[in-house]
Amino acid sequence: GIYLSTDGGKTWKNKGLENTERFSYIKIDPKNSNVVYAGALGPLWDASEERGLFKTTDFGETWQNILYVDENSGCSSIAIDPENPERIYAGFWDLRRKPWYFRSGGKGSGFYISNDGGQNWDKITKGLPSGIWGRVHVELSPVDNNIVYLLVEAEKTSFYRSKDKGTTWELMNNN
């Protein structure tokens, strides 16, 4: 689950999502610290409904799953536009681990953008690789939040850049 310390780590309080098992990222809204996003990868070994992108607006008292793809796909990365925190970017990763193998990639991997704090989402594919994706990682430039970087594990893993907040994409490297 998610834990909170308000005394520098001396004590901790459980703030929910106890059955999620694994988180990729926790991001706090830069303009409202009551709003927190938690990217849930979920269990490695089995399918689970405890995956996706969770949001709280009351500092962890209640959580809502604002982006759920399927029982095999979890949120692998989150980025929030610091000037407009209603704009959220989320990467999803369809994966499964067993003692004897690891599968990275499937129909649930993808990249999503919301312009309304996670109420509605667009799956972004234009200008990005076709076929089955694996892990997806998104980051915003710390210098210019119009620039979005995206690393997509695919048949040919590739690094992309957008100069217009994710509307169009330029392949930067696929070596």
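The values are calculated or read from the model by the stated rules, or taken from the named source; none is laboratory data. Small disclaimer: the values here were computed from a predicted structure and weren't measured. Here the Cβ positions follow ideal geometry from the backbone for every residue, glycine too, while neighbour counts run over all protein chains shown. These accessible areas exclude ligands, DNA and RNA; they are computed on the full protein's heavy atoms, side chains included. Shrake-Rupley method; radii C 1.70, N 1.55, O 1.52, S 1.80 Å.
Modelled with pLDDT under 95 and open to solvent by 20 Å² or more (accessible area, probe 1.4 Å): is that true of Arg87 in this structure? Considered against the rule, which asks whether it is modelled with pLDDT under 95 and open to solvent by 20 Å² or more (accessible area, probe 1.4 Å), Arg87 comes out as no.
Checking the structure you have, find out if any residue of the stretch 91-103 is open to solvent by less than 20 Å² (accessible area, probe 1.4 Å), under 28 Å from Lys31 (Cα atoms) and at pLDDT 95 or above. Scanning the stretch 91-103, I find at least one residue that is open to solvent by less than 20 Å² (accessible area, probe 1.4 Å), under 28 Å from Lys31 (Cα atoms) and at pLDDT 95 or above, so the answer is yes. When Pro129 is tested against the conditions (1) at positive phi; (2) open to solvent by less than 60 Å² (accessible area, probe 1.4 Å); (3) over 14 Å from the mean Cα position of the chain (by Cα), the lone failure is (1). Tell me, which residue of the stretch 141-158 that is under 17 Å from the mean Cα position of the chain (by Cα) and open to solvent by 30 Å² or more (accessible area, probe 1.4 Å) is nearest to Asn84 (Cα to Cα)? Within the stretch 141-158, the match that is nearest to Asn84 (Cα to Cα) is Tyr149.
A count restricted to the stretch 47-76 and to residues that are exposed (fewer than 14 other Cβ atoms within 10 Å of the Cβ) and in contact with a strand residue (DSSP E or B) (Cβ under 8 Å, 6 or more places away or on another chain) stands at 2. Taking the criterion of being on the phi < 0 side of the Ramachandran plot and part of a loop (DSSP other than H, G, I, E, B), the residues of the stretch 146-169 that qualify are Asn146, Ile147, Glu153, Ala154, Glu155, Lys156, Thr157, Lys163, Asp164, Thr167, Thr168, Trp169. Checking each residue in the stretch 111-122 for being on the phi < 0 side of the Ramachandran plot and either surrounded by 12 or more Cβ atoms within 10 Å (Cβ to Cβ) or part of a loop (DSSP other than H, G, I, E, B) (or both) picks out Phe111, Tyr112, Ile113, Ser114, Asn115, Asp116, Gln119, Asn120, Trp121.
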